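Right, one structure below, let's go through it.
The values are calculated or read from the model by the stated rules, or taken from the named source; none is laboratory data. Given the structure is predicted, the values throughout are model-derived calculations rather than measurements. Backbone-built Cβ (ideal geometry, glycine too); neighbour counts: all protein chains shown. The area values use the complete protein model at the heavy-atom level, side chains included, leaving out ligands, DNA and RNA. Shrake-Rupley method; radii C 1.70, N 1.55, O 1.52, S 1.80 Å.
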Amino acid sequence: MDLSIVISLYNEEESLRELAAWIDRALEPHGYEYEIIMVDDGSTDRSWDVITELAATNPRIRAIGFRRNYGKSAALYCGFEAAQGDIVVTMDADLQDSPEEIPEMVRMIREEGYDLVSGWKKKRFDNVATKNLPSKFYNATARKVTGIRLHDMNCGLKAYRNEVVKNIEVYGDMHRFIPYLAKNAGFNKIGEKVVHHQARKYGKSKFGVSRFLHGFLDLLTIWFLQIFGKKPMHLFGGIGTLIFFIGAILAVWLMVAKLVAQAHGETFRAVTDQPLFFLALVAVVLGAMLFLTGFLGEMIARNASGRNDYNIKRRIR
């Protein structure tokens, strides 16, 4: 099979018939063998009824329905698991992503060798204050942290080689960082294509401004786990050791200074009368706690079931 179109949706009953017809119009002239996988993320409207009706007349449509709303990452995870196509395309169900962009994205993967092609909604029709400006700031931060030069990291319209989606795990809200997950799995050829963005035709966005704060925190989480997830001692042990020695040196210096002053008959303050001494003790205790945190983290990492999970690209014999 050439293509799998994975669509995550939540309460999009008005747009589903139009979307399915639009996908067929855009792809049939190219002769692709494709499937459409609709993942209903616990919709409370008639979305599942509409999907059932569509599947009854269109054999290309497959569907997965959640009992409740789990989020876009969960929907994509199940969609990726079910995808059979050589190339997997993700898009939203709100008619803001154009299926007519798909053939060019497929060409970029097949002919130019990209592992992943991400859409870039260069001209957006969202609210400037609540969507456009926060999105620009968020994407600038993501480029800085991940090192991936994408203008729109969170664009729903993306195309992947099948092996990419089979070798990454999307969970929580990590759907925002699939290119970074792919890069960490060894898929480094990541491209970008300017795509046509359209104003929402039905309903309203399911995501608020808070997603940008959550996205930033998730970005820090994935960055931390990638660097220190299997080597927690390198962070906590290193910082803890440094703080411990700073505190210990300060405490010893205060005691030596007091003994020297006492030996020379000079006026001196008791060590316990000096606030710096108590700060030094706090540093010693904090350093020891951080070191032990790193040690415990290292023990957990070394006993984790996935400690030796590596993405093997090829073998000979």
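Determine the per residue accessible area of segment 22-162 with all protein chains present and a 1.4 angstrom probe, expressed in square angstrom.
45
Helix 72-82: angle to the longest alpha-carbon principal axis of the chain, degrees 0 to 90, nearest 10?
The answer is roughly 60 degrees.
For helix 47-57, what angle does its Cα long axis make with the longest principal axis of the chain, in degrees from 0 to 90 and rounded to 10?
Rounded to the nearest ten degrees, it is 40.
Have a look at the DSSP beta bridges in the chain and tell me what percent are antiparallel, nearest 5.
If we restrict to bridges inside the chain, about 25 percent are antiparallel.
What residues have an amide H closer than 5 Å to that of Phe268, excluding those fewer than 5 places away on the same chain, when H is modeled at 1.01 Å from N in the peptide plane?
none
Take the Cβ-Cβ distance between Asp2 and Glu53 as r, set R0 to 30 Å, and report the resulting FRET efficiency rounded to the nearest 0.05.
0.70
Evaluate the charge dipole of segment 137-209 about its Cα centre and quote only its size in Debye, nearest 20, assuming +1 on the Cβ of each Lys and Arg and -1 on the Cβ of each Asp and Glu.
That gives a dipole near 220 debye.
Using a simple charge model, +1 on the beta-carbon of Lys and Arg, -1 on the beta-carbon of Asp and Glu, nothing else, what dipole does the chain show about its Cα centre, in debye to the nearest 20?
I would put it at about 1080 debye.
Over the chain, what is the relative contact order in percent, taking alpha-carbon pairs closer than 8 angstrom and at least six residues apart?
17
For the chain, build the charge dipole from Cβ charges (+1 Lys, Arg; -1 Asp, Glu) around the Cα centre, then report which of Leu250, Ser15, Ile37 sits farthest towards its positive end.
Leu250
The list [x] 6, 24, 31, 22, 13, 5, 0; [y] 6, 29, 38, 22, 5, 0; [z] 5, 21, 26, 18, 11, 8, 6, 4, 2, 0 gives values of P(r) over Cα pairs in 10 Å bins from 0, in percent, and only one came from this structure; which label was calculated from it?
From the options [x] 6, 24, 31, 22, 13, 5, 0; [y] 6, 29, 38, 22, 5, 0; [z] 5, 21, 26, 18, 11, 8, 6, 4, 2, 0, the structure gives [z].
Roughly what would the spin-label model give for His264 and Arg25, points 7 Å off Cα along C-beta, in nm?
Here the modelled spin labels are 9.1 nm apart.
Pick from Gly31, Gly191, Gly113 the residue whose mean-square fluctuation is largest in a GNM of the chain, springs joining Cα atoms under 10 Å.
Top of the fluctuation ranking is Gly31.
Would you work out what percent of the accessible area of segment 1-71, with all protein chains in place, is carbon or sulfur (probe 1.4 Å)?
C and S fraction of accessible area: 46 percent.
For Lys258, go through the aspartates and glutamates and keep the ones whose alpha-carbon is under 15 Å away, minus same-chain ones fewer than eight residues off.
Partners within reach: Glu266, Asp273.
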